[in-house]
1. Look through 186, 172, 164, 160 and report the one residue that is farther than 20 Å from residue 77 by Cα, out of contact with any strand residue (DSSP E or B) (no Cβ under 7 Å at 6 or more places or on another chain) and not charged (D, E, K, R).
2. For the stretch 124-148: of the residues being at pLDDT below 85 and open to solvent by 20 Å² or more (accessible area, probe 1.4 Å), which is nearest to the chain's Cα centre (by Cα)?
3. Can you pull out the residues in the stretch 3-33 that are modelled with pLDDT under 90 and more than 22 Å from residue 69 (Cβ to Cβ)?
4. Surrounded by fewer than 15 Cβ atoms within 10 Å (Cβ to Cβ) and more than 14 Å from the chain's Cα centre (by Cα): is that true of residue 229 in this structure?
5. Please determine, by comparing only the residues of the stretch 120-148 that are touching a residue at least 40 places away in the same chain (Cβ under 8 Å) and outside any loop (DSSP other than H, G, I, E, B), which one is nearest to residue 102 (Cα to Cα).
6. Starting from the stretch 7-34, take each residue that is open to solvent by 70 Å² or more (accessible area, probe 1.4 Å) and list its partners that are of a type in the set (Asp, Glu), counting only C-beta distances under 9 angstrom and pairs at least six apart or across chains.
7. Among the listed residues 95, 112, identify the single one that is of a type in the set (Lys, Arg), modelled with pLDDT under 85, farther than 27 Å from residue 17 by Cα and open to solvent by 60 Å² or more (accessible area, probe 1.4 Å).
Amino acid sequence: MGHKIFVSYKYADSDVKNISGHYYPEDTVRTYVDKLADYISETSEHIYKGEDDGEDLSKLSDDTIWEKLKDRIYDSTLTIVMISPGMRETWKADRDQWIPWEISYSLKEVSRKNRNGRMVSSFSNAMLAIVLPDKQGSYSYYTYDNACCTSKCTTLKTDILFKILRSNMFNIKEPDSNVCSNNSKIYHGDSSYITSVKWENFIKDPESYIQKAYDIQSKIEQYDITKEV
């Protein structure tokens with residue numbers, strides 16, 4: 001069964017690996033989104049719901065932002081967030097950038113009238129973060145393999161993310177975790193409502209990661225969900 005998928009991303013971020021084979025103009029995150037949209041439209045039953053980028057939010061009210069987002073996000077059931085080196089403009093407040101608002105409204109339960117005039121409520125979307133490689137093909141700006149305690153693990157640099165994004169990671173209410181001798185904490189299992197996957201792994205088997213997001217959504221009550229920007 002197909003799902004409606006909304007994609008949140010920084011359109012013009014060009015600090016990503018070239019995958020098109022064309023070096024002018026530079027590839028941007030949009031290049032990856034186009035690849036994802038092609039997969040959704042050509043090889044799956046899912047429906048891609050596009051997103052616009054670049055409009056200044058600083059002078060818009062919350063109500064105006066919601067009006068712009070509700071038709072794009074309301075009937076989607078999965079939101080994919082593209083993590084890229086330049087996704088967050090650190091000199092701007094989170095409230096003045098699109099991605100945090102798109103995550104917020106993806107997670108909220110919203111009621112609105114359908115075509116028959118009846119009130120219908122949406123559910124919190126399933127969520128998935130896809131990590132894109134930088135220009136050198138590296139993911140280390142955000143994630144890298146590490147040695148935790150006596151085993152291997154993966155480290156995420158969640159401090160580079162928008163607050164609402166990192167707040168919904170490692171947010172399971174009853175974590176399966178332990179503390180190493182150096183006081184670092186490691187988590188086991190599905191500890192995050194928004195899980196992260198490298199692009200190179202996702203594109204090899206998109207359906208498994210999409211389904212994983214829905215599996216986690218089915219257990220949403222086990223997570224402390226942050227819905228506000």
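The values are calculated or read from the model by the stated rules, or taken from the named source; none is laboratory data. Since the structure is predicted, the reported quantities are computational estimates derived from the model, not experimental observations. Quick reminder, even Gly has a Cβ in these numbers, built from the backbone with ideal geometry, and neighbours come from all protein chains shown. Please note that ligands, DNA and RNA were not included when accessible areas were found on the heavy atoms of the full protein model with its side chains. Shrake-Rupley method; radii C 1.70, N 1.55, O 1.52, S 1.80 Å.
1. Values: 186 fails: out of contact with any strand residue (DSSP E or B) (no Cβ under 7 Å at 6 or more places or on another chain); 172 fails: out of contact with any strand residue (DSSP E or B) (no Cβ under 7 Å at 6 or more places or on another chain); 164 fails: farther than 20 Å from residue 77 by Cα.
Among 186, 172, 164, 160, only 160 is farther than 20 Å from residue 77 by Cα, out of contact with any strand residue (DSSP E or B) (no Cβ under 7 Å at 6 or more places or on another chain) and not charged (D, E, K, R).
2. In the first step, residues of the stretch 124-148 are kept if they are at pLDDT below 85; the result is 146-148.
Checking the rest, the ones that are also open to solvent by 20 Å² or more (accessible area, probe 1.4 Å) come to 146-147.
Values: 146: 23, 147: 26 Å.
That would be 146.
3. Within the stretch 3-33, 20, 21, 22, 23, 24, 25, 26 meet the criteria.
4. Working: surrounded by fewer than 15 Cβ atoms within 10 Å (Cβ to Cβ): no; more than 14 Å from the chain's Cα centre (by Cα): yes.
No, not satisfied.
5. In the first step, residues of the stretch 120-148 are kept if they are touching a residue at least 40 places away in the same chain (Cβ under 8 Å); the result is 122-137, 139, 141-143.
Going one step further and asking which of them are outside any loop (DSSP other than H, G, I, E, B), we end up with 126-131, 143.
Numbers: 126: 13, 127: 11, 128: 13, 129: 13, 130: 15, 131: 17, 143: 23 Å.
Selected residue: 127.
6. Sorted first by the residue in the stretch 7-34, then by its partner, the pairs are 11/51; 11/52; 11/53; 17/27; 17/134.
7. On the way: 95 fails: modelled with pLDDT under 85.
112 is the lone residue from the list that is of a type in the set (Lys, Arg), modelled with pLDDT under 85, farther than 27 Å from residue 17 by Cα and open to solvent by 60 Å² or more (accessible area, probe 1.4 Å).
Listed here are the residues, each with its yes/no results for (1) on the phi > 0 side of the Ramachandran plot; (2) surrounded by 20 or more Cβ atoms within 10 Å (Cβ to Cβ); (3) at pLDDT 90 or above; (4) in contact with an Asp or Glu (Cβ under 8 Å, 6 or more places away or on another chain).
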site	(1), (2), (3), (4)
63	no, no, no, no
78	no, yes, yes, no
100	no, yes, yes, yes
107	no, yes, yes, no
116	no, no, no, no
